[in-house]
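Just below is one structure, and these are the notes that go with it.
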Amino acid sequence: MSSHLSYDILKKMLEAGEDCNIEFLKDLLAHEIGSVRRLDQIHTLEDLIACLENNDELNEENVQPLKKMTKNQETLQQINAYQPIRVQHPVQNVSPQPVPMVVPTSVQQNYVTPAAFSENKRVAVFKKISEQLGRSWRDLGRQLNISEGAMDDMEERYPRDLKSRILYLLKMAEEDEVHDPRQFLKRLCRGLSGAGRNDLRNRVEDTMSH
């Protein structure tokens, strides 16, 4: 039987085991962080986790943001296997019964490895595009149906940081996609072609294929 870590132990495992680029993670989670003032207050992984908890973007019921903070396969598997502890209160003199797992075993087994795989690819693709897209970022935004007003806001938010602006654009486009993340990556590749960046599309597809 596999043992699932508690929420607090999962956070401590992440904080202790990660040698992370905090600025990159701040850009990746800018939407969840919510404001420039909060971004400026985050200097460590612990700060980032505390901020997300204060915003109710990270809690015992939702550990999805933790996946974006690690590339360690063992940690990702623990996050994917995590189940929140639900306490069933006794009624009168009836003893509380064990709460069944919410996610069936078959579904959980099918989810762990693909999810970890997809998250690593996603981070690598976002990093590559943010570093190489350059001034074509608005063309890509239009291809991904991001409004001009939203892109103006991004430019105001990151006037001298093009990489962060592009990461924010990608995150916004990703949140509009309700399907499998792999479908978003395909849509992203079509958007790069539409923006006249077949060269970058080829590099992204090469990253996805390895």
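The values are calculated or read from the model by the stated rules, or taken from the named source; none is laboratory data. For clarity, every value in this text was computed on a predicted model and none was experimentally measured. Because the Cβ atoms are built from the backbone with ideal geometry, glycine has one as well, and the counts that use them run over all protein chains shown. Surface accessibility is based on the protein's heavy atoms, side chains included, excluding ligands, DNA and RNA. Shrake-Rupley method; radii C 1.70, N 1.55, O 1.52, S 1.80 Å.
For the residue pairs Lys11/Lys163; Lys12/Lys67; Lys26/Lys121, the alpha carbons lie more than 20 Å apart in Lys11/Lys163. Rolling a 1.4 angstrom probe over segment 28-89 with all protein chains present gives an accessible area of which 44% lies on carbon and sulfur atoms. Here each label is just a point 7 Å from Cα along the line to Cβ, and for Lys128 and Gln77 those points are 2.6 nm apart. Between Glu175 and Ala150, the simple label model (points 7 Å from Cα in the Cβ direction) yields a spacing of 0.9 nm. Counting only aspartates and glutamates at least 8 places from Lys186 when in the same chain, those with an alpha carbon closer than 18 Å to its own are Glu119, Asp139, Glu174, Glu175, Asp176, Glu177, Asp199, Glu205, Asp206. Between Ser6 and Arg160, the simple spin-label model (points 7 angstrom out along Cα→Cβ) gives 4.6 nm.
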